[in-house]
Amino acid sequence: MRNIPVIFLFSFTAVSSLSDLFYPHGTEKGDKVNPVADDVSSPAIELKSPFSFFGHTYSQIYVNNNGDLTFKLELTAYVPKPFVADGTTTIIAPLWTDLDNRKEGVISHNQYSEGSVLLRATQDINQYFPKVNFTASWVFVATWDGVPYYNQQGKASFQVVLISRGTLSFMLINYGPIDPTTHEAGYVTFKHSFEITSTNSNVSKLSSTSNVNVPGRWAFLVNQGSSYTTTSGKKQGFSKESGLFRGLCCSCWGVTALLGQLRN
């Protein structure tokens, strides 16, 4: 198993606006808000629909203030660790860093089983994975909106959207303005890990890079045993037979840059 970091070769000239890119969020949209405190998490959130993530199905999730999601236990660690698939950890980390919402910023979450959010998710997934013919039945949205870093030297806005129907599952990560910080971004599962970017990379570029030609958005197929072609023209998915996470790529100025493969 190798964890291959991503190196961005190009970036987009345009950045999607926060209002266009992010799914509905905030208390006015009915979100539940995380505690206003340092290094804490939401209570365990019971999912209205089980979520399949790389061969494991989960019925609960934690939204952790320091920029990540976990399924079995809360994670309050504020120092990000390199992603290593050690057989014990599953983390979805849009931006794992030392965040502090005590002075400003909102961390919130919501889930949907009907309505316009499902329609939007259906359209997005069929756009990015045109061979799927997918209809969303459940969506979970977690948002970190303008949350400062602990040292007050900047702040970040980002969002994770989990989308599923049965055992077919997808994940969108949306990035707004991101100030420089020590960080990890990506995910790690029991057997696989993927870095969008790490501390050695320019974190501010997250809002202008993509693997689906939409600046600031990353899209992933995250159930096990399937692969589909994205709008970038590359297969994206986990092959149960080969153990290969294949074909993630970033299309920038019309040039496709291969980001990396993860093999057992």
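Taking only the C-alpha atoms of the stretch 19-163, Rg followed by Dmax gives 15.4, 46 Å. Peptide packing for 79-87, 199-207 was compared via the average number of neighbouring C-beta atoms within 10 Å per residue; ordered from the highest value, the list is 199-207, 79-87. Surface composition of the stretch 64-164: carbon and sulfur atoms hold 49% of the protein heavy-atom accessible area at a 1.4 Å probe. Tell me, how many Å apart are the Cα centres for the stretch 184-199 and for the stretch 92-106? The distance from the Cα centre of the stretch 184-199 to that of the stretch 92-106 comes to 18 Å.
The values are calculated or read from the model by the stated rules, or taken from the named source; none is laboratory data. It should be emphasised that the depicted structure is a prediction, and the values quoted were computed from it without experimental measurement. Quick reminder, even Gly has a Cβ in these numbers, built from the backbone with ideal geometry, and neighbours come from all protein chains shown. In case anyone asks, the SASA skips ligands and DNA or RNA and just uses the protein heavy atoms, side chains included. Shrake-Rupley method; radii C 1.70, N 1.55, O 1.52, S 1.80 Å.
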